[in-house]
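Novice: I'd like to ask you about the structure that follows.
The values are calculated or read from the model by the stated rules, or taken from the named source; none is laboratory data. On a predicted model such as this, the values are computed, not experimentally measured, just so you know. As a convention, Cβ positions derive from the backbone with ideal geometry for all residues, glycine included, and neighbour counts pool all protein chains shown. Heads up: the accessible areas ignore ligands, DNA and RNA and are worked out on the full protein's heavy atoms, side chains in. Shrake-Rupley method; radii C 1.70, N 1.55, O 1.52, S 1.80 Å.
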Amino acid sequence: MESRVNYFGNALAGKVMKHLNSANKVVADSTLPLATQELVKIRASQINGCGFCTDMHTKDATAAGETQDRLNLVAVWREAKVFTDAERAALEIAEQGTRIADAAGGVPDDVWANAAKHFDEDQLAALISLVAIINAYNRINVINQQPAGDYKPGMFG
């Protein structure tokens, strides 16, 4: 499989990615726990069928010390006992925010209220932003058919 466009070598795409990466850095530097950030990115990427991002974020999570057991269970987090209540709330926001078109009312109030029990306003803003950003990355890579499997942690800086 080859990508449709050399997105990482295209000047216009590079400008877009610069801004997307800058937004991602703001979230990465927030107080939203890094493990939670990676779980959210993995789950959204799984839902969107983005092999490139799923590969990247499972490898980044492993490099950051995440366990294989937890990574194996991200797709079935509701049935898994290995996630904290806060992580479960974030994963629910990730799912609801990624599948926003499936629910006419958007993210339900009870899902939001549960997340608000675990995260402060800055962390909630980071969580909202993270879901939006990873969905943008996913859409770029899925539309472009960006191949997965070759990512090495840290290769993008």
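Novice: Report, ordered by the first and then the second residue, all pairs with beta carbons closer than 7 Å, sequence separation of six or more or different chains, a first member in segment 132-143 that is under 14 Å from Gly97 (Cα atoms), and a second member that is open to solvent by 20 Å² or more (accessible area, probe 1.4 Å) and not aromatic (Phe, Trp, Tyr).
Specialist: From residues that are under 14 Å from Gly97 (Cα atoms), the pairs are Ile133/Leu20; Ile133/Ala23; Ile133/Asn24; Asn135/Asn48; Ala136/Leu20; Asn138/Asn48.
Novice: Something else: Please specify each residue of segment 1-46 satisfying the condition of being open to solvent by 40 Å² or more (accessible area, probe 1.4 Å) and acidic (Asp, Glu).
Specialist: Matches in segment 1-46: Glu2, Asp29.
Novice: Condition first: buried (at least 20 other Cβ atoms within 10 Å of the Cβ) and more than 15 Å from Lys152 (Cα to Cα). Now tell me which residues in segment 47-60 satisfy that.
Specialist: The answer is Cys50, and nothing else.
Novice: Which one of these does Gly149 not meet: (1) within 12 Å of Ala89 (Cα to Cα); (2) open to solvent by less than 50 Å² (accessible area, probe 1.4 Å)?
Specialist: It fails just one condition, (1).
Novice: Would you mind stating whether Ile128 is open to solvent by 70 Å² or more (accessible area, probe 1.4 Å) and either out of contact with any Pro (no Cβ under 9 Å at 6 or more places or on another chain) or farther than 14 Å from Lys41 by Cα (or both)?
Specialist: Numbers: open to solvent by 70 Å² or more (accessible area, probe 1.4 Å): yes; either out of contact with any Pro (no Cβ under 9 Å at 6 or more places or on another chain) or farther than 14 Å from Lys41 by Cα (or both): yes.
So Ile128 fits the description; yes.
Novice: Let me ask another. Being within 14 Å of the chain's Cα centre (by Cα) and over 11 Å from Met56 (Cβ atoms) is the filter here; which residues of segment 123-137 pass it?
Specialist: The initial filter retains those residues of segment 123-137 that are within 14 Å of the chain's Cα centre (by Cα), namely 126-137.
Selection gives Ala126, Leu127, Ile128, Ser129, Leu130, Val131, Ala132, Ile133, Asn135, Ala136.
Novice: Being surrounded by 11 or more Cβ atoms within 10 Å (Cβ to Cβ) and over 18 Å from Lys41 (Cβ atoms) is the filter; apply it to segment 79-117 and report the residue that is modelled with the lowest pLDDT.
Specialist: Looking at the filtered set, the residue picked out is Ala103.
Novice: Identify, by number, the condition in (1) on the phi > 0 side of the Ramachandran plot; (2) surrounded by 16 or more Cβ atoms within 10 Å (Cβ to Cβ); (3) of a type in the set (S, T, N, Q) that Asn144 doesn't meet.
Specialist: (1)
Novice: Additional query: If you go through segment 61-78 one residue at a time, how many are open to solvent by 80 Å² or more (accessible area, probe 1.4 Å) and within 16 Å of the chain's Cα centre (by Cα)? Before the answer, list the steps.
Specialist: To start, the set of residues in segment 61-78 that are open to solvent by 80 Å² or more (accessible area, probe 1.4 Å) comprises 68-69, 72, 78.
Checking the rest, the ones that are also within 16 Å of the chain's Cα centre (by Cα) come to 72.
The total comes to 1.
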